[in-house]
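To keep things clear, I will list the structure first and then write my remarks on it.
Laboratory data are not the source of any read-out in this text; all were calculated from the coordinates shown. A quick note: this is a predicted structure, and the numbers were derived from the prediction, not measured. Note that each Cβ is placed from the backbone with ideal geometry, even for glycine, and that neighbours are counted across all protein chains shown.
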Amino acid sequence: MASSPPLPAVLALADDLSGAAEVARALGGPVRLCLTTPTGGAAAGAHDLVVDLNTRHLPPADAADAVRSALGSGRSGAPGAAGPGALVFGGPGAYGLLYKKIDSQLRGNVAAEAVAYAEGAEALVIAPALPAARRTVTGGVVHVDRVPLHETNGWRAERATPPRSVAEAFSGLPVRTIPLEVVRSELPRLEAELKSVVASGAHPAPDAETDADLDAIVAAALRLGPGLRLLGSGGLAGALGRALARPAVPAPAPPSARAAAPLLVVAGTAEPGVARQIAHLTALGMRHLPLEPAELMSGAVEIRAGAVEVRAGDAPVDTVLSIDGSAGLHPGGGRALSAALAALTTAWPGRPDLVLTGGETARATLDALGVRELEPVDEIHHGAVHSRTPDGRSVVTRPGSYGAEDSLLRIATALRPHLAATPAAG
């Protein structure tokens, strides 16, 4: 019997770390998750590769060039520009499929990065729907819980206003919507519609409300060959993973001696529901340190909040750090807060295992710790990815806008099962 042809390896580019981790788990098989672009010869191999370009808050031109650089065509001297041996799509040992992760609420430099990503492609297939987080696309408009994105508060921490449609978000590229009725028709009809849109010089943006819709989009796009590049949320990445049917990753090893290390949860998000999530952790007896933004950014905290002080040599205490948003948050101030949280986290005694919410906070923290690669080992719930650092430390990343009220509880008890049986202090 003839052997099946090898599955094409995937190179996926993300604009923040929590999104990169989400894609790494969504692809479903062995994967490398890198925080820097590896050089070509060392990068190519049997594993899929996901690279966090960390471009969410860069100027648009620099974000676009980081995408070009990852594909081997960046301008010399630009942030993240490729050097000798950088990944070149289509070169020797290169990856057979490209994927570009974007935020399901269209935040970040989606237009500038898409223009760069489209260079050399026949077209992009654009599908930001994320059904697991109740984010859908109908009539070419992103909806959150059935409310159009531009009528929600999903962009309250951004300096700009949300786009009113997918086409508006990708200004600079001609984008044409494919209606949901076509997506849900027979596969040949969807394939023909994709071809028609591409032939017109536009980039198809199919509507999608369910994972089945995303599966159909991926199936049709793959049938048309690698000239069509996929661009979407973790939902579309999950559909790609299902289509490729990667071999299962072995179950993670049981907790090691690091289970005795402290657990540090860093809630680097402005989402209003985080207070309810934290309440579940304090009910388990975890200490909660809410940090006032101005004090945190001034460096005056010094591993201290209120009457609680933490010193090297203290007994390890499972702790939650969060931003006190009672006085309101300033749009655009997230980067400075993430950097301050990262500095505080790296100084924390006991080398704790980490739970990091918000991609910017996660990346700033791991950069400060000198971590350049992660091994994804498990997904605790959608978007909450458990990875290990090369030295064995556990890190859970999760987008700030994800998770039900018990999200942090589920993460903490997955890392420290004894917490579920520990009564609250007092």
*Mind ranking 233-242, 176-185, 380-389 by how tightly packed they are, going by the mean number of other C-beta atoms within 10 angstrom, highest first?*
233-242, 380-389, 176-185
*For residue 285, list long-range residues whose amide hydrogen, built 1.01 Å from N in the peptide plane, is under 5 Å from its own amide hydrogen.*
425
*Residues with amide H under 5 Å of residue 377's amide H, sequence separation 5 or more or different chain, H placed in the peptide plane at 1.01 Å from N; which?*
386, 387, 388
*Per residue of the range 389-398, in order, report the coupling 6.51 cos²θ - 1.76 cosθ + 1.60 (Karplus, θ = phi - 60°) as ³J(HN,Hα) in whole Hz, putting x for Gly and Pro.*
7, x, 9, x, 6, 7, 9, 10, 10, 7
*5 angstrom amide H check on residue 207, placed H, neighbours 5+ away*: 178, 180
*In whole Å, what are the Cα extents of the range 10-244 along the three principal axes, biggest one first?*
46, 41, 33
*Percent of beta bridges antiparallel (DSSP, the range 10-244, rounded to nearest 5)*: 25
